[in-house]
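Here's the structure, in structure tokens; my notes come after.
Any read-out appearing in this document is the output of simple, stated calculations on the displayed coordinates, not a laboratory observation. Owing to the predicted nature of the structure, the values given are computational and were not obtained by experimental measurement.
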Amino acid sequence: MASKIAACLGCAFLLVSNAFLWEVDAAGECGKTPIRSAAASLSPCLSAAGNAKAKVPPACCAKVGALIKTVPRCLCAVLLSPLAKQVGIKVAIAITIPKRCNIRNRQAGKKCGRYTVP
């Protein structure tokens, strides 16, 4: 079972990586980092971004925490990108990852599209 999950996550990462090649970069939302690269760096978060009850991996928390610390608006740009939708990211769930990781500087109450950071 674990190997099937790992294989599925591997496939999802490949899909995300390939889809990012076609994504147009956001206008500076992620600073000098192209949005596709920022999104690819969040691949450890794929399982947690689709299931509110899934444990958020420490690698995901570290990536999200670093992104919020350096370019806070980038996380929202990634979550609202067409790419996130293509790989099955559920924004309403993914937006809860900073809270699930206990990230203190997560900008609670800030709007991200029609979603609010908890």
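To two decimal places, what compactness ratio does region 36-118 give when its Cα radius of gyration is scaled by 2.2 N^0.38 Å?
Taking N as the residue count of region 36-118, the ratio is 0.94.
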* **Proximal lysines to Lys55, defined as alpha-carbon separation beneath 28 angstrom and excluding residues fewer than eight positions away on the same chain** => Lys4, Lys63, Lys69, Lys85, Lys90, Lys99, Lys110, Lys111
* Asked: Once fully extended, how much extra length lies between Ala108 and Ala52, figured as 0.36 nm per residue of separation less the alpha-carbon to alpha-carbon distance?
  -> 18.4 nm
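Would you please calculate the Kirkwood hydrodynamic radius of region 79-118 over all C-alpha pairs and express it in Å, rounded to one decimal?
Over region 79-118, the inverse of the mean reciprocal pair distance is 10.5 Å.
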